[in-house]
1. Scan the range 249-323 for trypsin sites (Lys or Arg not before Pro) in coil per DSSP, keeping those whose Cβ has at most 16 other Cβ atoms within 10 Å, and list them by number.
2. Express in whole angstrom the spacing between the alpha-carbon centres of the range 484-509 and the range 266-284.
3. Enter the accessible area of residue 145 (Å², nearest 10), with the probe set to 1.4 Å and all protein chains included.
4. Identify which of the listed values of percent of Cα pairs over 35 Å apart was calculated from the structure shown: [x] 37; [y] 58; [z] 65.
5. So which GluC sites (Glu not before Pro) in the range 375-419 pass both tests, a DSSP loop state and at most 10 other Cβ atoms within 10 Å of the Cβ?
6. Where does helix 226-236 land angle-wise versus the long Cα axis of the chain, in degrees 0 to 90, nearest 10?
7. In degrees between 0 and 90, to the nearest 10, how far off the longest principal axis of the chain does helix 187-198 point, with axes built from Cα atoms?
8. If you find the alpha carbon centre of the range 195-263 and of the range 7-56, how far apart are they in angstrom?
Amino acid sequence: MNNIIENVTNNIIERSKKSREIYLNRIKLAKENGVNRKSVSCSNLAHAIAPLSKDEKNSMTSTQNPNMAIITAYNDMLSAHEPFSVYPSLLKRTLLDNGATAQVAGGVPAMCDGITQSQPGMELSLFSRDNIAMGTAIGLSHNVYDGAFYLGVCDKIVPGLLIGALTYGHLPSIFVPAGPMPSGISNSQKAKIRQEYALGKVGKDKLLEAESSSYHSSGTCTFYGTANSNQMLLEMMGLQLPNSSFVNTNTPLRDALTQESANRLLKLTKNKICIGEMVTEKSFVNAIIGLMATGGSSNHTIHLIAMAKAAGIVLTWDDFNEISKVIPLLCKMYPNGSADVNHFRDAGGMSVVISELLNEGLVHNDINTVFGFGLENFIVEPTLKDKKLVFKEGAKKSRNIDVISSVENPFSSEGGLKLLKGNIGRSVIKTSALKEEQMFIEAPAIVFDSQEELQSEFKAGNLDKDFIAVVRYQGPSANGMPELHGLMPPLGALQDKGYKVAILTDGRMSGASGKVPSAIHLTPEAKKGGAISKIQTGDKIKFDINNGEVSLLISDEELANREITIPNLLGNRHGIGRELFSTIRDNVNSAEEGGTIFDLVGEERS
């Protein structure tokens with residue numbers, strides 16, 4: 001095992017010792033108490049089984065047969081989640097054939113960040129994760145379940161579901177994906193049209209045509225953003241079937257995998273393997289390793305910290321940074337390349353990535369998974385043989401080295417994310433799509449208090465120059481930390497003109513951020529008095545990405561003596577439901593602490 005990976009893991013274990021012990025003791029107590037269906041009153045049970053068929057009622061009242069909860073994020077507005085409409089009936093039929101039952105215990109919201117980009121609704125996005133976790137808990141609170149299915153794919157949904165699942169850590173659990181849509185127009189074509197629209201070279205009709213040719217059917221969007229990074233993480237943690245994430249939706253193989261998820265959950269329930277004990281510090285280290293090796297979403301520098309907290313595990317950005325130094329970048333998927341997740345799957349997918357990492361001692365093999373003990377069990381590929389699901393030996397070497405490389409010849413010797421520190425604070429940057437000449441930039445700041453301000457200046461022709469765009473008051477407590485992808489087309493266009501540009505923000509850019517250097521998730525945020533609130537237009541800022549530094553080039557004395565600039569933030573306090581989230585904004589912690597209202601296990605507020 002690589003020494004740095006081993007040391008980081010041991011540091012996490014030691015740091016988490018107290019909270020993890022508290023968590024595991026709670027799981028143990030919950031398991032000992034058992035499922036209350038066996039002891040609830042007749043009235044309680046009658047309510048629980050009222051809508052069921054006769055066979056299902058007989059199974060439920062016997063109390064010997066397992067009953068599984070289904071927590072679903074289904075809606076038919078979000079393409080990745082529309083396929084879940086048929087999953088409950090498929091899972092129920094499979095279980096009933098095996099003497100068990102399932103019930104949809106609850107639905108959770110699933111918003112599409114692709115629809116809310118640059119809209120007020122995006123300010124609810126990050127907070128929807130904690131809302132989903134609470135919705136999961138409400139669904140499971142009926143306490144008549146022996147295990148749980150979690151149906152979710154996209155950005156905040158999987159993290160929210162996992163936080164909720166770990167809160168009910170005594171239940172055996174499995175995540176069930178929906179799969180990607182088939183490939184549409186290339187991602188490079190789509191990006192080109194977006195920039196041409198930003199420059200006024202094409203109209204809205206051409207832009208809509210391009211976007212609709214990319215996002216064109218049911219299934220997950222095919223670029224490697226947060227949604228598909230979620231699916232990769234679940235496999236690295238062993239929480240869903242191996243190499244199942246990127247099997248296309250609405251296919252016989254996809255249905256067979258869904259049915260197999262029911263069989264696997266039955267097995268986990270029989271063996272009393274619960275998710276709270278299955279997921280360990282090593283599971284989360286593997287998730288970070290997968291994030292670096294594949295060039296995954298920067299959102300997970302927030303989400304993984306919040307998810308780990310729910311299991312009593314403490315992660316820091318320093319853990320991400322240390323791991324990134326020794327994990328080679330093995331994958332090139334948009335926005336880090338031109339390929340999409342269908343090309344990744346066809347190149348061997350997660351089998352190749354896991355095989356490469358295991359062979360070099362760069363990932364923990366000794367974790368429990370829904371497919372058995374050992375991550376090596378995930379070097380398989382699902383297929384249909386005589387209409388039956390089989391897992392054959394998976395690819396160990398890439399079938400397309402332009403999409404998946406090898407540890408010997410990686411796309412980069414380091415992972416796709418890096419921690420930046422300096423007198424402004426701490427931030428993260430996605431480096432997997434950057435060129436070497438972009439790794440050092442020194443330029444004057446232009447300060448904006450919203451992405452709309454920058455877009456207006458761009459349209460007015462005032463930004464044809466080298467500069468660092470400082471976009472502040474975009475943190476969790478200011479306005480919910482929206483993704484700022486409205487910055488990408490104009491800044492990408494300026495970069496293509498030859499100008500050196502970069503972004504510094506306390507907001508998010510997520511998995512779709514690409515070729516513009518972006519120091520994001522800056523903490524302390526402006527709303528909480530961070531140094532970003534003192535930056536003035538014209539100040540020089542240095543990005544030294546190779547050395548992990550982003551700094552404001554003024555003296556410490558001048559920085560300390562500057563007054564904080566506070567804009568009027570009342571405009572993002574209401575409308576589109578933002579009124580309902582004021583309590584969360586007032587109580588949320590920093591991005592490095594997970595951007596969450598939830599406390600670490602054992603450290604609840606009085």
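The values are calculated or read from the model by the stated rules, or taken from the named source; none is laboratory data. These numbers come from a predicted model, not from an experiment. All Cβ positions, glycine included, derive from the backbone under ideal geometry; neighbour counts span all protein chains shown. Keep in mind that these areas ignore ligands, DNA and RNA; they rest on the heavy atoms of the full protein, side chains included. Shrake-Rupley method; radii C 1.70, N 1.55, O 1.52, S 1.80 Å.
1. Listed in order of number, the matching sites are 272.
2. Rounded to whole Å, the Cα centres lie 42 Å apart.
3. Surface open to solvent at residue 145 totals about 10 Å².
4. [x]
5. Those that pass, being in a loop and sparsely packed, are 408.
6. 50 degrees
7. 40 degrees
8. Value for the Cα centre distance between the two parts: 32 Å.
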